[in-house]
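In what follows, a structure is listed as structure tokens, so that the remarks can point back to it.
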Amino acid sequence: MKSPYRYHITTFGCQMNKADSERMAGILENMGFEYSEDPNHANLVLYNTCTIRDNAEQKVYSYLGRQAKRKHKQPDLTLVVAGCVAQQEGETLLRRVPELDLVMGPQHANRLRDLLEQVFDGNQVVATEAIQIAEDITKPRRDSSITAWVNVIYGCNERCTYCVVPSVRGKEQSRTPEAIRTEMEVLGQQGYQEITLLGQNIDAYGRDLPGVTESGRHKHTLTDLLYYVHDVPGIERIRFATSHPRYFTERLIRACNELPKVCEHFHIPFQSGDNEVLKAMSRGYTHQKYRRIIDKIREYMPDASISADAIVGFPGETEAQFENTLKLVEDIGFDQLNTAAYSPRPGTPAAHWNEQLSEEVKSDRLQRLNRLVAVKAAERSQRYLGRIEEVLVEDQNPKDTTQVMGRTRGNRLTFFTGDIQELKGQLVKVKITQTRAFSLTGNKE
Ligand code: SAH
Ligand code: SF4
Ligand code: F3S
């Protein structure tokens with residue numbers, strides 16, 4: 001008997017890529033493929049790639065090299081590169097790795113079946129042209145049975161001078177509120193408790209949909225979407241990411257405060273605490289505006305958790321400008337901060353500027369920033385000590401199987417003693433007894 005066809009997917013990069021991988025896995029399972037944890041036992045290997053920084057891109061080439069070699073011994077192996085490196089490199093990837101069968105950009109994720117049919121007909125296929133993203137009719141194979149991602153807007157129309165995302169993800173395309181709500185209703189029926197609405201710049205949601213209100217505002221904003229979906233039965237928590245300080249509104253803050261299912265957690269990247277650097281990045285706000293947004297959030301929700309992204313070592317960044325980033329982090333006290341050393345990316349303006357900083361300076365600044373982030377996060381964690389927090393249990397603690405783990409509404413990872421069979425998917429009141437920079441431990445109440 002012929003053994004079933006097996007597929008393997010490795011995903012790099014952000015939540016959008018993870019969401020795309022889940023949809024592509026769903027398509028493959030619909031086609032009769034079975035999942036293989038080990039790429040070396042799979043007949044089809046798909047790398048869903050990221051090119052946000054050079055090290056993310058390089059990782060893919062080393063993985064691919066190994067599979068390309070395997071293909072010489074096993075010619076029926078199908079090799080696919082999807083995602084942002086695929087979009088960026090296109091045909092060039094085929095020249096670099098001629099063993100590839102399919103190179104497909106992120107806009108083509110939902111077309112995987114069609115593209116593979118062309119491959120199985122004997123073609124080598126490159127799908128990187130800009131298209132209108134079709135609604136996905138297959139069922140994604142989701143990693144979690146408790147929390148799920150729901151795309152609301154694809155692409156990005158900003159032009160931050162360091163960033164490849166607009167060139168690899170294309171123009172903004174919003175899904176309709178009805179399609180989003182329908183997907184959430186199905187998830188609610190399947191027992192999912194928590195939804196994260198996704199967009200690279202989620203505040204742009206709805207700008208490309210028709211309709212304006214009497215006051216001239218777009219009819220379908222992110223705020224309107226939250227009101228429209230917040231009562232989906234079964235869904236207990238709603239999150240959204242990523243917010244852009246340029247477009248973040250008080251109306252949105254009020255909605256989050258009013259709607260009980262929307263969690264008090266805001267992910268609003270600031271990138272730099274220095275106005276000149278922000279200007280060179282084309283971010284469209286000042287550090288004062290950023291601080292006002294956080295003040296406003298804390299006025300409505302004093303306990304809200306705040307996370308962000310920041311870049312150090314942007315071209316021309318002086319020591320004094322870097323210290324303004326440290327100052328912002330010191331003043332605001334983030335619950336979590338994703339930090340990165342600036343990496344020049346192909347096709348972005350900042351990559352061509354003089355005044356690129358040395359790797360030593362960048363890594364020194366990164367370490368100094370990371371030390372401060374850990375100190376501030378530990379301080380922020382302390383406010384939980386002795387408190388009772390609602391934790392949505394997702395899994396067993398892999399390091400201690402007598403414990404389960406989940407997240408608070410503020411998105412802190414929390415561990416407590418308990419049986420996963422009994423608690424998985426439950427919202428549990430947990431009294432916090434220990435705090436660390438990025439996680440908590442407690443006891444079930
Ligand atoms: N849309 C989001 C984030 C997109 S990319 C936003 O507007 O903030 C995720 C993060 O990667 C960015 O927030 C930024 O901090 C980082 N990043 C993007 N391009 C980078 C580059 N060239 N070098 C280093 N970090 C980068
Ligand atoms: Fe990149 Fe800026 Fe768009 Fe974010 S908003 S994805 S940083 S271009
Ligand atoms: Fe990477 Fe593409 Fe996301 S470049 S960060 S996977 S949008």
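The values are calculated or read from the model by the stated rules, or taken from the named source; none is laboratory data. What you see is a predicted model, and the numbers here were worked out from it, not measured in a lab. Note that we place each Cβ from the backbone using ideal geometry, even for glycine, and neighbour counts take in every protein chain shown. Areas reflect the complete protein model, heavy atoms only, side chains present, ligands, DNA and RNA absent. Shrake-Rupley method; radii C 1.70, N 1.55, O 1.52, S 1.80 Å.
For each pair in Lys18/Lys289; Lys289/Lys362; Lys296/Lys444; Lys279/Lys327; Lys59/Lys327; Lys376/Lys429, compute the distance between the two Cα atoms and list the pairs where it is over 22 Å. Can you show the working numbers first?
Values: Lys18/Lys289 32 Å; Lys289/Lys362 26 Å; Lys296/Lys444 33 Å; Lys279/Lys327 18 Å; Lys59/Lys327 33 Å; Lys376/Lys429 26 Å.
From Lys18/Lys289; Lys289/Lys362; Lys296/Lys444; Lys279/Lys327; Lys59/Lys327; Lys376/Lys429, over 22 Å: Lys18/Lys289; Lys289/Lys362; Lys296/Lys444; Lys59/Lys327; Lys376/Lys429.
Dipole of the chain, Cα-centred, from +1 at each Lys and Arg C-beta and -1 at each Asp and Glu C-beta, to the nearest 20 debye?
The dipole of the chain has a size of about 440 debye.
Measuring with a 1.4 Å probe in the full set of protein chains, what accessible area per residue, in whole Å², belongs to segment 5-127?
That works out to 42 Å² for each residue.
Could you work out the Kirkwood radius for segment 385-444, taking every pair of different alpha carbons, averaging 1/r and inverting it, reported in Å?
Value: 10.9 Å, from the Cα pair sum.
Going by a ≥ b ≥ c, the root eigenvalues of the Cα gyration tensor, does segment 5-127 fall in the rounded group (a/c under 1.5), the prolate group (a/b larger than b/c) or the oblate group?
Since a/c stays below 1.5, the shape of segment 5-127 is classed as rounded.
Hey, can you grab everything whose amide H is under 5 Å from the amide H of Val262? Only 5+ residues off in sequence or another chain; H modelled, so Pro and N-termini drop out.
Amide H to amide H, under 5 Å and 5 or more residues apart or across chains, Val262 pairs with Ile238.
Between Trp353 and Arg207, with labels modelled 7 Å along Cα→Cβ, what's the label distance in nm to one decimal, could you check?
Between Trp353 and Arg207, the simple spin-label model gives 2.2 nm.
Using the Karplus curve 6.51 cos²θ - 1.76 cosθ + 1.60 with θ = phi - 60°, work out ³J(HN,Hα) for each residue of segment 149-162 in order, rounded to whole Hz, and write x for Gly and Pro.
My calculation for segment 149-162 gives 9, 10, 5, 10, 9, 9, x, 7, 9, 6, 9, 4, 6, 9 Hz in order.
Please compare each pair in Lys219/Lys261; Lys139/Lys261; Lys219/Lys431 to a cut-off of 31 Å on the Cα-Cα distance and tell me which ones are over it.
Lys219/Lys431
Rounded, prolate or oblate: which one fits segment 90-231, using the alpha carbon gyration tensor with axes a ≥ b ≥ c (rounded when a/c is under 1.5, else prolate when a/b beats b/c, else oblate)?
Numbers: a/c = 2.36, a/b = 1.48, b/c = 1.60.
It comes out oblate by the Cα gyration axes.
Out of the total accessible area of segment 147-382 (probe 1.4 Å, heavy atoms of protein only), what percent is carbon and sulfur?
Ligands and nucleic acids excluded, carbon and sulfur reach 50 percent.
Between Rg and the Kirkwood Rh of the chain, both from Cα atoms, what is the Rg to Rh ratio? Please list the in-between numbers first.
Working: Rg = 22.5 Å, Rh = 23.4 Å.
So for the chain, dividing Rg by the Kirkwood Rh gives 0.96.
Report the relative contact order of segment 210-335, percent, no decimals, based on alpha-carbon pairs under 8 angstrom and at least 6 residues apart.
Computed over segment 210-335, the figure is 24 percent.
Might you tell me the accessible area per residue for segment 286-443, computed with a 1.4 Å probe and given in Å²?
Accessible area per residue, segment 286-443: 47 Å².
Can you work out the Karplus-derived ³J(HN,Hα) for every residue in segment 338-355? Use 6.51 cos²θ - 1.76 cosθ + 1.60 with θ = phi - 60°, whole Hz, and x for glycine or proline.
Running phi through 6.51 cos²θ - 1.76 cosθ + 1.60 with θ = phi - 60° gives 8, 10, 8, 7, 4, 10, x, 10, x, x, 9, x, 4, 5, 9, 6, 5, 6 Hz.
In whole percent, and with a 1.4 Å probe on the protein chains, what portion of the accessible area of segment 385-444 is carbon and sulfur? Present the calculation step by step, with values, prior to reporting the outcome.
Working: 1390 of 3040 Å².
Carbon-and-sulfur percentage of accessible area, whole number: 46.
Please give me, ordered by residue number, the chymotrypsin sites (Phe, Trp or Tyr not before Pro) of segment 380-428 that lie in loop per DSSP and have at most 12 other Cβ atoms within 10 Å.
Answer in residue order: no site qualifies.
Whenever you get a sec, compute what percent of the accessible area on segment 30-98 sits on carbon and sulfur atoms (1.4 Å probe). The partial results should precede the final answer.
Values: 1570 of 3360 Å².
With neighbouring chains kept in place, the figure for segment 30-98 is 47 percent.
For segment 2-62 and segment 202-220, what is the separation of their C-alpha centers, rounded to whole Å?
Segment 2-62 and segment 202-220 have Cα centres spaced 35 Å from each other.
Got the relative contact order for segment 385-444 handy, in percent, Cα pairs under 8 Å and 6 or more residues apart?
Details: 140 pairs, mean separation 21.8, N = 60.
Normalised by residue count, the contact order of segment 385-444 is 36 percent.
How big is the dipole moment of segment 147-382 about its Cα centre under a simple scheme where the beta carbon of each Lys and Arg is +1, that of each Asp and Glu is -1, and everything else is neutral? Debye, nearest 20, please.
Dipole about the Cα centre, nearest 20: 360 debye.
Mind listing the lone cysteines of the chain, meaning no other Cys beta-carbon sits under 4.7 Å from theirs?
Cys14, Cys50, Cys84, Cys156, Cys256, Cys263
With a 1.4 Å probe and every protein chain left in place, work out the accessible area per residue of segment 194-240 in Å², rounded to a whole number.
Ligands and nucleic acids excluded, the figure is 40 Å² per residue.
At a Cα cut-off below 20 Å, give the aspartates and glutamates reachable from Lys424, other chains included and same-chain residues fewer than 8 away excluded.
Within the straight-line limit of under 20 Å, Lys424 reaches these aspartates and glutamates: Asp143, Glu194, Glu236, Glu389, Glu390, Glu394, Asp395, Asp400, Glu445.
So what's the net charge close to Ser174: Lys and Arg +1, Asp and Glu -1, counting the other residues with Cβ under 13 Å from its Cβ?
Here the charged neighbours net out to -2.
Count neighbours as other Cβ atoms within 10 Å of each site's Cβ, and list the trypsin sites (Lys or Arg not before Pro) in segment 322-420 that are DSSP loop with at most 11 such neighbours.
Lys399
Quote the relative contact order of the chain in percent (integer), defining contacts as alpha-carbon pairs under 8 Å separated by 6+ residues.
Relative CO of the chain lands at 10 percent.
Taking 7 Å along the Cα-to-C-beta vector as the label spot, tell me the Thr318-Tyr5 distance in nanometres, rounded to one decimal.
Result for the modelled spin labels: 6.1 nm.
Can you list which of the GluC sites (Glu not before Pro) found in segment 207-309 are DSSP loop residues with at most 11 other C-beta atoms within 10 Å?
In loop regions of segment 207-309 (DSSP not H, G, I, E or B), the sparsely surrounded GluC sites (Glu not before Pro) are Glu214.
Is the shape of segment 110-180 rounded, prolate or oblate, going by the alpha carbon gyration tensor and its root eigenvalues a ≥ b ≥ c, with a/c under 1.5 for rounded and a/b larger than b/c for prolate?
oblate
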